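Just so it is clear, none of the values below were taken in a lab; they were calculated from the coordinates. All values reported here derive from a predicted model rather than from experimental measurement. Note that we place each Cβ from the backbone using ideal geometry, even for glycine, and neighbour counts take in every protein chain shown.
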Amino acid sequence: MTFSQTPFFDNNEIDKGGFFMNRFLFKKMVCVFLILLVLGNICAFGKEITMINQASNPYAGSRVVFDGPQYERDEVLEVAGEPFFYNGIQIRIDKVVDWYHFDNAKVKRLFEIAKNDGYTVVNCQIRWMDVQQDQSFKAKESAYIRGGVYANQTFNTGGIQTFYEEGNESNQALAYVKFDISGWTKGDIEGARIRLYSRNSLTYGHYVSVYGCDDTSWSKDTITWNNAPGHSGYTVLGEKLSQTPSWDEIKSANYYDFDVTDYVEKARREGKREVSFIIKSTTPSGNEPGVPIVFDDFDDNRPPQIFLSSEDEYDWEYLDRIIGYAEEYGLKLEVLWFATDTCSLSTDIRVPYYVLRNYQKQVYSVGTPWLKKATAGNDITGLYQFIMCKNDMELRKKEYEALNTVFNHIGEYNATHGYKNTVVGCQVCNEPNVSRLHNGSVYENGVKLENCQCNTCVTLKQNGGFSHQGFRDWTMFEYCNNLAKAVKKSSYPVWTRVNNVNGTDAWGVDYNEAKRASGGTDTDSGTYLDFIGLDPYGWNRNQLYNIGTGSYSNGRNLPMVMECGGENSMSALMMLATVAGGAFYNVYDLCSPDGHGMYDQNLNPRVIGAGDKYLPNGGTYIEDVRNHNHWLNKIAHPLAVMKPDKAGGKNLMFFNCEGTDISNINVTKMIDGLYITYKSDTIYSSGIAFKKSSREVVLLSSKDTDATFTLADIANDVKTVEFGHYEKDKWVKDEGVVSYTRSGNNLVVTMPSFSVVRVETYNDLP
């Protein structure tokens, strides 16, 4: 038999051509078959051995368990075979490094804060660029030359300039820039670009061309029009490498990139340590003749840079360090894969340049890429912002390879670091869209484009007979499922998820559930994507309370709020409302410059207005979050496996969690025949009660210092009433004496703030 396998399609193809080659081969096949039958019987006898072998392997993966008979909840997250209560927060390392210039010690401190604030999981961006980094070098030298009366002068200050006025050699100039690339330590160069910063804002769009200059012996201190290599007058003699595209004309003060890949790779193969370039204005002379295009010099604030990119090697320092931070503080970590679609963008600080260069971008019908170029400021999303085409099959294969390699490495890391199973999930893309650029529609000649107009997309849509929406839904699923498969087929499979932004053009839940229903989970005919959630910024507590039973709970989709603003002073109550409604909750984020962080750059609670430090409900905002998190962690296991009453559960009840802001709470609910009443005189205080076994009921109260639970008709059967918490599924008694009274045969328990009390009876509860 011959088996063929590719990393993307993972198909097993049997070469049937030689199956009946001869009788000898056929007899051999029969023998093999008989041996397999014997082995099958041995395997039946050896099930205990198999189980022992599995038990000896400390890694059991993470997964979503659907309709597990051991659980009341329909979808349960497991880590290494144990139920896991998800209460997460995002740590945007890229932002705090790029904007706040945090060093490693400050980044590590964020993980410590997350642990202290009671979160069970953190999620962090792992950009494609983080594991396959472009290497950059600043210009070693730069200068410009000018003809006519200036032909013997050297110009190495005031920026490098190029300009052209026909018939006036004195008003013609060429710019020179040189780079030392001897520090390149990787293999073949699959992408190389030089980046120049244009200082001036121009009335009209201007254009330049970049040429290779093989002679690198020139010096910024001596170069002139008369002695400079590589030109004859305004004619450049070297190879033209790149030019300003029509869709990125030089007009504003900003950065501009020029591809020089082939030239630099040739220089590398030839063993050259330096490369130099000539920059020439190609603006038509009738369009602002002689107006200089001025770029920053090598010693200016924004010097020319060269970026080199290779697909041959990976660098694990960043990834390993982040896993180590989470590991040190006992946190679980989700990888947020930031690559070809993050907020519908493919940006130059998240994706290696070789990817942006060598694969298909989404384009207009004229072939122009969909570009949203950022300003020259400290932009957190990158400067060049494209959308890579989700239907470029070669790009799918390449990104599959990259993400699969990442999780294979995580498997190796886990094995060499004691099988702590720190990484538990992967968000395979972030707030993706198919036909929107950063959630904004794309237009050509006033007509909205419904999809990419490259030949591949146009052909696929036509041949498939898709509607506009059908094509987007199909494209999004195939793209996301490919990445989810990369995780599932690695040596370290974990749960996979996608977060939708409000207004996404392909929300995917129904499509994914249809695939799951028809072909199962982790199969080519089904889906490798475990669940899809929402980033519902701006929602109130009642809306969050309903998400667990809304459209995001369709089929077997596990409902989760995957991002919600950390700046909201009601964050603790928003999280509680979400959990009470049957979903899980994740905060965006711990600390960042975009207004959603819980903490500012000094790691103090964020201040929104003058003197406003979030002081709701008699306590500080952060304290409120911390108290609620640690409170729920005391019952993490029950919350992970039990279904809230809002979602149809009968043994887990939440009191005053849905967003009703009253100060006199008096709510009665029934757990399997047992009436329980929660009373509080404190606004925003909430209660939880659940029946853990036939003879134990657990009570929780949040903000009130003397709230009460009344349990009907059990006072004469009480065995113990004690403070405590759960470690996994085991009750652990805590210090302190619970205050409780009898009212007839009713038991009245007084609850301190953020307390957990277990009531145990001698006989079965009603």
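In the structure shown, do any of K266/K461; K108/K390; K420/K733; K332/K643; K489/K733; K669/K733 have a Cα-Cα gap over 31 Å, and if so which?
Working: K266/K461 40 Å; K108/K390 35 Å; K420/K733 27 Å; K332/K643 23 Å; K489/K733 43 Å; K669/K733 26 Å.
Long pairs (Cα-Cα over 31 Å): K266/K461; K108/K390; K489/K733.
Expressed as a whole percent, how much of the Cα-Cα distance distribution for the range 58-176 exceeds 22 Å?
Working: 4645 of 7021 pairs.
Looking at the range 58-176, the distances longer than 22 Å represent 66 percent of pairs.
Report ³J(HN,Hα) in whole Hz for each residue of the range 224-230, in order, from the Karplus equation J = 6.51 cos²θ - 1.76 cosθ + 1.60 where θ = phi - 60°; Gly and Pro get x.
9, 4, 7, 10, 5, x, x
Averaging the inverse of every distinct alpha carbon separation and then flipping it gives the Kirkwood radius. What is it for the range 135-309, in angstrom units?
Working: mean 1/r = 0.0624 Å⁻¹.
So the Kirkwood estimate lands at 16.0 Å.
Highest mean first, how do 731-742, 679-690 rank when packing is the count of other Cβ atoms within 10 Å averaged over residues? Intermediate results must be reported in sequence, preceding the final value.
Details: 731-742: 12.6, 679-690: 22.7.
So the peptides 731-742, 679-690, ranked by packing, come out 679-690, 731-742.
Taking amide H positions as placed 1.01 Å from N in the peptide plane, with prolines and chain starts having none, which residues 5 or more places from S686, or on another chain, fall under 5 Å of its amide H?
S702, K703, D704
Could you order peptides 114-120, 163-169, 94-100 by the average number of other Cβ atoms within 10 Å of their residues, highest first? Walk me through the numbers on the way to the answer.
Details: 114-120: 20.4, 163-169: 16.1, 94-100: 18.0.
Those peptides, ordered most packed to least, come out 114-120, 94-100, 163-169.
From the list [x] 1.15; [y] 1.43; [z] 1.09, can you say which value of Cα Rg over 2.2 N^0.38 Å was derived from the structure given?
Checked against the structure: label [x].
Could you tell me whether the range 650-761 comes out rounded, prolate or oblate from its Cα gyration tensor? Rule is a ≥ b ≥ c as square roots of the eigenvalues, rounded for a/c under 1.5, then prolate if a/b exceeds b/c, otherwise oblate. Provide the component values of the computation, followed by the final result.
Details: a/c = 1.41, a/b = 1.27, b/c = 1.11.
The shape class here is rounded.
Return the percentage of antiparallel bridges among DSSP beta bridges fully within the chain, rounded to the nearest 5 %.
Values: 109 of 144 bridges.
That works out to approximately 75 percent antiparallel.
I need the peptides 238-250, 746-758, 349-361 ranked by packing, meaning the mean over residues of other C-beta atoms within 10 angstrom, with the highest value on top.
On the way: 238-250: 16.4, 746-758: 19.5, 349-361: 21.9.
The packing order, highest mean first, is 349-361, 746-758, 238-250.
HN-Hα J couplings of the range 368-375 from phi, Karplus 6.51/-1.76/1.60, θ = phi - 60°, integer Hz, Gly and Pro as x?
Along the range 368-375, the couplings run 7, x, 6, 10, 10, 8, 7, 6 Hz.
Work out from phi, with θ = phi - 60° and the Karplus expression 6.51 cos²θ - 1.76 cosθ + 1.60, the ³J(HN,Hα) of each residue of the range 648-663, listed in order in whole Hz, and give x for Gly and Pro.
x, x, 10, 10, 10, 10, 10, 10, 6, 10, 8, x, 7, 8, 10, 9
Helix-only mean residue ellipticity at 222 nm, the chain, DSSP H runs n ≥ 4 weighted -39,500 (n - 2.57), per residue, nearest 500. What is it? Please report the intermediate quantities before stating the final value.
Values: 16 runs with 183 residues, N = 766.
After summing the helix terms and dividing by residue count, I get -7500 deg cm²/dmol.
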